[in-house]
1. Does Glu145 satisfy the criteria of being closer than 22 Å to Val97 by Cα and either surrounded by 16 or more Cβ atoms within 10 Å (Cβ to Cβ) or among the basic types (Lys, Arg) (or both)?
2. Can you name the residue in segment 80-90 that is of a type outside the set (Phe, Trp, Tyr) and either more than 18 Å from Ser34 (Cα to Cα) or modelled with pLDDT of 95 or more (or both) and is also surrounded by the fewest Cβ atoms within 10 Å (Cβ to Cβ) among such residues?
3. Kindly establish whether Ala38 is surrounded by fewer than 19 Cβ atoms within 10 Å (Cβ to Cβ) and not aromatic (Phe, Trp, Tyr).
4. Evaluate the following for Gly128: is it out of contact with any Leu (no Cβ under 6 Å at 6 or more places or on another chain), modelled with pLDDT under 90, surrounded by fewer than 15 Cβ atoms within 10 Å (Cβ to Cβ) and not hydroxyl-bearing (Ser, Thr, Tyr)?
5. Quickly run through segment 17-57 and pick out the residues that are touching a Phe, Trp or Tyr at 6+ places or on another chain (Cβ under 6 Å), among the β-branched types (Val, Ile, Thr) and at pLDDT below 95.
Amino acid sequence: MLKRTLVTAAALVLGAGTAFAHVSLQVKEAPVGSSYRAIFQVPHGCEGKPTNVVRVQIPEGVIAVKPQPKAGWTLEKVRGAYAKSYDYYGTPTSEGVKEIVWSGGTLGDDEYDEFVLRVYLTKDLKAGDTLYFPVVQECPDGVAERWIELPAAGQSADDLELPAPGVKLLEATSGH
């Protein structure tokens with residue numbers, strides 16, 4: 001009986017923790033100078049309401065952004081100029097997608113979904129750094145979850161209440 005009570009209590013504690021889970025990236029590391037499949041895991045809606053818009057800001061140094069369409073959602077690619085020109089397999093690239101917006105769908109507060117993009121992590125990015133993709137979940141009645149906090153120097157993203165999802169950048173790999 002005690003064992004079953006402890007298992008039930010542990011399940012309740014773990015379940016409560018996931019209710020506060022934040023948007024995260026499934027693949028947590030990627031080499032610079034390569035393609036990266038960013039899978040944003042959205043674990044819930046907003047305070048009892050469904051999510052109907054997911055916005056992902058593309059950080060500087062990330063180019064060739066190609067979002068994966070989602071059935072039932074409208075896809076918008078917000079384009080703009082980069083701070084500098086980047087080399088994309090020998091082609092100078094000075095503008096591209098700066099934000100992705102999936103809208104019009106419904107992700108219930110008690111549901112989970114993934115939003116996917118393929119990007120190129122330029123060689124200008126620094127191995128050893130963590131690259132952050134701020135994400136905003138918008139819900140009816142102006143409710144929003146803003147996963148946009150970036151850690152200060154020496155601070156861990158684990159110390160933040162609403163951390164932006166991040167990927168640790170690794171040294172470039174050899175080959176194509």
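1. Numbers: closer than 22 Å to Val97 by Cα: no; either surrounded by 16 or more Cβ atoms within 10 Å (Cβ to Cβ) or among the basic types (Lys, Arg) (or both): yes.
Judged against the criteria, Glu145 is not a match.
2. Restricting attention to segment 80-90, the residues satisfying the condition of being of a type outside the set (Phe, Trp, Tyr) are 80-81, 83-85, 87, 90.
Those still in the list that are either more than 18 Å from Ser34 (Cα to Cα) or modelled with pLDDT of 95 or more (or both) too: 80-81, 83-85.
Values: Gly80: 10, Ala81: 10, Ala83: 8, Lys84: 11, Ser85: 14.
Out of the qualifying residues, it is Ala83.
3. Numbers: surrounded by fewer than 19 Cβ atoms within 10 Å (Cβ to Cβ): no; not aromatic (Phe, Trp, Tyr): yes.
No.
4. Values: out of contact with any Leu (no Cβ under 6 Å at 6 or more places or on another chain): yes; modelled with pLDDT under 90: no; surrounded by fewer than 15 Cβ atoms within 10 Å (Cβ to Cβ): yes; not hydroxyl-bearing (Ser, Thr, Tyr): yes.
Criteria not met by Gly128.
5. Initial filter on segment 17-57 (touching a Phe, Trp or Tyr at 6+ places or on another chain (Cβ under 6 Å)): 22-23, 30, 35, 40, 43, 54, 56.
Filter again for among the β-branched types (Val, Ile, Thr), leaving 23, 54, 56.
Matches in segment 17-57: Val23 only.
The values are calculated or read from the model by the stated rules, or taken from the named source; none is laboratory data. Please read these numbers as outputs of a predicted model, since none were measured by experiment. Neighbour counts run over all protein chains shown; Cβ positions are idealised from the backbone, glycine included.
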